[in-house]
Each structure stands twice: as structure tokens, then as C-alpha cells.
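Read the structure below first, then the notes.
Values quoted throughout were computed directly from the atomic coordinates according to the rules given, and no laboratory measurement underlies them. This is a predicted model, so every value here is computed, not measured. Glycine also receives a Cβ, built like all others from the backbone with ideal geometry; neighbour counts cover every protein chain displayed.
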Amino acid sequence: MSTPTITLNNGVAIPQLGFGTYKLPAADTRDLVLRAFDAGYRHVDTAQMYRNERAVGEAVAASGLARDEVFVTSKLNNAFHAHDDALAAFDRTLDELRLDVVDLFLIHWPLPALDRYTEAWGALEEIYGSGRARAIGVSNFQPDHLQRVLDAGTVVPAVNQVEVHPWFANAEVRELDAAHGIVTEAWSPLGRGRVLDDPTITRIAAARSRTPAQVVLRWHVQNGHVVFPKSATPSRIVENARIFDFELSDADLASISALDRGARTGSHPDHENRTDR
Ligand SMILES: NC(=O)c1ccc[n+]([C@@H]2O[C@H](COP(=O)([O-])OP(=O)(O)OC[C@H]3O[C@@H](n4cnc5c(N)ncnc54)[C@H](OP(=O)(O)O)[C@@H]3O)[C@@H](O)[C@H]2O)c1
């Protein structure tokens, strides 16, 4: 079953399901990404910070897939918000990935204490203008960060990649994204596995003869999010891709949405200021 795509605000199509690569074991990343391709994934989410772009690039090269069949995202690391540093870091990303063009390139964190993200956005706009990124966007941008980029820039971000899962709706960010035609990408879509034992989710999963992870991913898909669950477990890589042959009812969706308890698994973007990762 092929993965549906969402059309970004510049016309580029992104597969709604991707494969997350944060914390994959380094030695296994190439093989796990190849397994994901075998299972039907056509979108990989990596980052300079994950230090696995090279393995992702090796997998893309070894996959035998045509370049336009695979969507690859990477992200600018926190140490490189200065204009020239961002351009140089992007060149290294293309080298590591062995690509001439990346599909999507994001500012990974806004780092408000550093306050150089509008400068970094200027560099991403240049990269986009050069044609070496088919789309550009941001990650972990709160409404005030997003608004400054919209005010200072000339390109509207194509996506905002932020934490979203049933225990953390991140509603204000998602609403601002939608108001500007920015697609929300949901990171930690499974809440790093923590939401999977929630009784509401296990009840719906049992009723639909699906697994909790499939139900949660389907909730994301029906809410219009792009998702990229991470798994280092081959059977789960396959399981997480089998989400396009069933539907949740409106009542199921509402029950899962009602689980929001404001519970982040990761850093609050206002307080993430590390440049040493
Ligand atoms: N932009 C950002 O700042 C940011 C931050 C975090 C994440 N991300 C991106 O989002 C991706 C996904 O987020 P994430 O890796 O934090 O968390 P996640 O995908 O929500 O959850 C991954 C965890 O869930 C487990 N899992 C996966 N599938 C499962 C299944 N079917 N049944 C039971 N457990 C399952 C995995 O275990 P096993 O691996 O042991 O199978 C792993 O412990 C990342 O890999 C990365 O690409 C971006």
C-alpha cells in the first residue's frame, strides 16, 4: 500500500509517513534504513545532530530507489546559526548524504537565548534559492519564533517539526502552523513509546484489531500530521508502516485527542540552548 503525500506550500509533495533515525544504533543505521525502504517507507528524517547522515546516505545509495522516489530531510545543528556557518554545515550535509539536493532542510532548534535564528533562516533561504533544498522549514519553533521568521523572511517555512502525540497536543503551535499553510510534522509521534499503554489507546487498538502504535500513528495521519516513528526493531518497522488500510472513527479520534495532558517528552524550545551537540 503506497504512502499518501501531503503537498507543501511550495508544491513539493512529502510522504506522510517517514522513518525516524534519532538514536538508532550507529552501526545498524544503514541496515535499518534499508529495512524501512523494504517495508515501504519512502521518507527518512535525519539531522546533523544525529551523526548518522552518512549511514542514511549509504542506505539511499544502496537502496536502488530512484532519487525522486525517496524524500530525505536533514536539520541544521545548533552550533551553526551564524550565516556562513549554516552554509558550510549545509554543504557538509550534502556530502554526508551523497546528494546534490536534499528534499527538506530545517533549523533544528530556535535557541532563543542565542537569538540568531532569523540569521540562520536567511542562510536557508539562500540555500533554497540555489535549488539545493527543495523545501526549507523550521523545527521546535514556538509561535513567537515562527512569527519573527515570517516577519523577517521572504519564504514561508514549509513545515514546523514539533513534538506532538496523544499526551502532548501542542495545539497553539499547530493552529499557527495551519493558519500560515505550514505543515506540522509530529516528532516523537509515539511519545517515545510512553503513550502505548494508555488504556484508551489499548481499548481502541483491541476493538480495531490493530496495535497501539498503529492506532496512534493513524490518529496522527487523520489529523494531517507528517510522522516518522523511530524503531530499531525490524518487526516494529513493518508494523508502523501498516497504517493506511484502516480508519479511526470520529469518536476514536476525539477520545485520543482528549488524552492531552501537556506532557512533553523532550525539551521546551524556549529553554533548549545547547550548542554543543
Ligand atoms: N526535531 C526534533 O527536535 C526531534 C526531536 C525528537 C525526535 N525527532 C524525530 O522524530 C523521530 C521519532 O521520534 P522519537 O524517536 O523520539 O520517538 P518515537 O518514534 O515516538 O518513539 C520511539 C520509541 O518507541 C518504540 N517503538 C517504536 N515503534 C513501536 C511499536 N510499534 N511498538 C512499541 N514500541 C515502539 C521504539 O523502540 P525500539 O526502537 O526499541 O523499537 C522507541 O523506543 C526521531 O527519530 C527523529 O527523526 C525530532
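Can you work out the FRET efficiency for the pair L65 and T265, with r the C-beta to C-beta distance and R0 = 25 Å, to the nearest 0.05?
Details: r = 32 Å, r/R0 = 1.26.
Approximately 0.20, to the nearest 0.05.
Which cross-chain or sequence-distant (5 or more) residues have an amide H under 5 Å from the amide H of F19, H modelled 1.01 Å from N in plane?
Amide H to amide H, under 5 Å and 5 or more residues apart or across chains, F19 pairs with H43, V44, D45.
Restricting to the range 99-221, what percent of DSSP beta bridges are antiparallel, rounded to 5?
Values: 1 of 12 bridges.
So the antiparallel bridges amount to about 10 percent of the total.
Just want to confirm a number: the relative contact order over the range 98-186, from Cα pairs under 8 angstrom separated by 6+ residues, in percent.
On the way: 124 pairs, mean separation 23.8, N = 89.
Once normalised by length, the contact order is 27 percent.
For the pair F244 and A88, what calculated FRET efficiency results from E = 1/(1 + (r/R0)^6), where r is the Cβ-Cβ distance and R0 = 35 Å, to the nearest 0.05?
Step by step, r from the Cβ atoms, then E = 0.30.
List every residue whose amide H lies under 5 Å from the amide H of L76, counting only residues 5 or more places away in sequence or on a different chain, with H placed 1.01 Å from N in the peptide plane.
Amide H neighbours of L76: L106, I107, H108.
I need the shape label for the range 1-91. Rule: rounded when a/c is under 1.5, else prolate if a/b > b/c, else oblate, with a, b, c from the alpha carbon gyration tensor.
Oblate.
As an exercise, take the mean of 1/r over every pair of distinct alpha carbons in the range 35-187, invert it, and state the Kirkwood radius in angstroms. Each step should come with its number before you reach the end.
Working: mean 1/r = 0.0634 Å⁻¹.
Every distinct Cα pair counted, the radius reaches 15.8 Å.
Can you tell me the mean projection area, over all orientations, of the convex hull of the chain's alpha carbons? Units nm², please. Could you put the intermediate results ahead of the total?
Numbers: hull surface 53.0 nm².
Projected area, direction-averaged: 13.3 nm².
Report the label-to-label distance for R208 and R98 in nanometres (one decimal), using points 7 Å from each Cα along the Cα→Cβ vector.
That separation, rounded to one decimal, is 3.8 nm.
Given springs between every Cα pair under 10 Å in a Gaussian network model of the chain, which of P166, P112, P199 has the largest fluctuation?
Comparing P166, P112, P199 in a Gaussian network model of the chain, the most mobile one is P199.
Express the relative contact order of the chain as a whole percentage, based on alpha carbon pairs under 8 Å and six or more residues apart in sequence.
Numbers: 509 pairs, mean separation 55.8, N = 277.
Rounded, it is 20 percent for the chain.
How high is the FRET efficiency from D38 to D115, r the C-beta distance, R0 41 Å, rounded to 0.05?
Values: r = 44 Å, r/R0 = 1.07.
Calculated value: 0.40.
Considering only D245, D91, D28, give the residue with the highest GNM mean-square fluctuation for the chain, with springs between Cα atoms whenever their separation is below 10 Å.
Most flexible of the set in this elastic network: D245.
What is the Cα radius of gyration of the range 141-277 over 2.2 N^0.38 Å, N being its residue count?
On the way: Rg = 15.9 Å, N = 137, 2.2 N^0.38 = 14.3 Å.
Normalised by 2.2 N^0.38 Å, the Cα Rg of the range 141-277 equals 1.11.
The range 184-229 to the range 255-277: how many Å between their Cα centroids?
Cα centres, the range 184-229 to the range 255-277: 17 Å.
With charges set only on the Cβ (+1 for Lys and Arg, -1 for Asp and Glu), what does the dipole of the chain come to about its Cα centre, in debye to the nearest 20?
On the way: 28 positive and 37 negative charges, 175 e Å.
Here the size comes out at about 840 debye.
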